[in-house]
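Read the structure below first, then the notes.
The values are calculated or read from the model by the stated rules, or taken from the named source; none is laboratory data. What you see is a predicted model; the values in this text were computed from it and never measured. Cβ placement follows ideal geometry from the backbone for every residue including glycine, while neighbour counts extend to all protein chains displayed. To get the accessible areas, we keep the full protein, side chains included, count just its heavy atoms, and leave off ligands, DNA and RNA. Shrake-Rupley method; radii C 1.70, N 1.55, O 1.52, S 1.80 Å.
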Amino acid sequence: MPQQASILIVDDEELIRESLRLDFQDMGYRTEIAASGEEACALLQEKEYDLIVTDLIMKEIGGLEVLRQAKGKHADQIVFILTGYGELNSAIEALRLGADDYLLKPYNHDELMLRVAKSLTGRTLRQKVQFYESMLSICSDCKKVRDSEPDENGEERWISIEEFVSKTTGSDLSHGICPDCYRRKMDELSEMIRRGRIKPRTP
């Protein structure tokens, strides 16, 4: 879970608002509440949130308009829709318009927290990927990274991703081998033994 993620809760029912607020605060999230769609849209003009949980059916401005305005301002804004059992068609429409998820009232606490944590983690990972893609030039062949600083001769240099991470963060990467690469290496080894290029070690 991203630390201290911010969540805007939008619902015209005080009981729902307060229940969600307490649940999210217990999980360590920063929360803000809006008692109407109008109030939520006004807040969206001034602030940014990591996630918005909004009721679907409200007076004047409903959840779909909150969704439109939130996505219009930030396309990667996470929006959850809360809806009643008789409003499933509208919930489907909300998903079509870009809502990230929806939950039926009364919501299940554990299910909500799991979905929220998963969505926030996914958003953080996407943002990291986008950041590095925008900042780094990576060789498509050897996978070296173009260093942001030239060498002692003032020329461009390419360094390993391990060296880049160590240089920029002060941390060293731990090395291992993924299952796919392990199987590939074992297949290569077996093929070399079969062709007699290497001899199997005897006990």
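I need the full set of residues from region 104-116 which are modelled with pLDDT under 85 and of a type outside the set (D, E, K, R), in order please.
104, 106, 107
Which residue is nearest to residue 30 (Cα to Cα), if the candidates are limited to region 91-101 and must be touching a residue at least 24 places away in the same chain (Cβ under 8 Å) and surrounded by 18 or more Cβ atoms within 10 Å (Cβ to Cβ)?
Restricting to residues being touching a residue at least 24 places away in the same chain (Cβ under 8 Å) and surrounded by 18 or more Cβ atoms within 10 Å (Cβ to Cβ), the top hit is 99.
Here are the criteria: (1) among the β-branched types (Val, Ile, Thr); (2) in contact with a Leu (Cβ under 7 Å, 6 or more places away or on another chain); (3) not in a strand (DSSP E or B). Tell me which single one residue 81 does not satisfy.
Residue 81 satisfies all of (1) among the β-branched types (Val, Ile, Thr); (2) in contact with a Leu (Cβ under 7 Å, 6 or more places away or on another chain); (3) not in a strand (DSSP E or B) except (3).
Evaluate region 128-146: report whether one residue or more is more than 30 Å from residue 163 (Cβ to Cβ), modelled with pLDDT under 85 and open to solvent by 70 Å² or more (accessible area, probe 1.4 Å).
no
Kindly indicate whether any position in region 37-50 is among the acidic types (Asp, Glu) and within 20 Å of residue 90 (Cβ to Cβ).
yes
Based on what the data block shows, is residue 25 of a type outside the set (Gly, Ala, Ser), over 18 Å from residue 101 (Cα atoms) and modelled with pLDDT under 90?
Judged against the criteria, residue 25 is not a match.
How many residues, within region 102-120, are in a helix (DSSP H, G or I), loosely packed, with under 12 Cβ neighbours inside 10 Å and of a type outside the set (A, V, I, L, M, F, W, C)?
Here the count works out to 2.
Could you please give the count of residues in region 44-63 that are surrounded by fewer than 18 Cβ atoms within 10 Å (Cβ to Cβ) and outside any loop (DSSP other than H, G, I, E, B)?
Counting residues in region 44-63 that are surrounded by fewer than 18 Cβ atoms within 10 Å (Cβ to Cβ) and outside any loop (DSSP other than H, G, I, E, B) gives 2.
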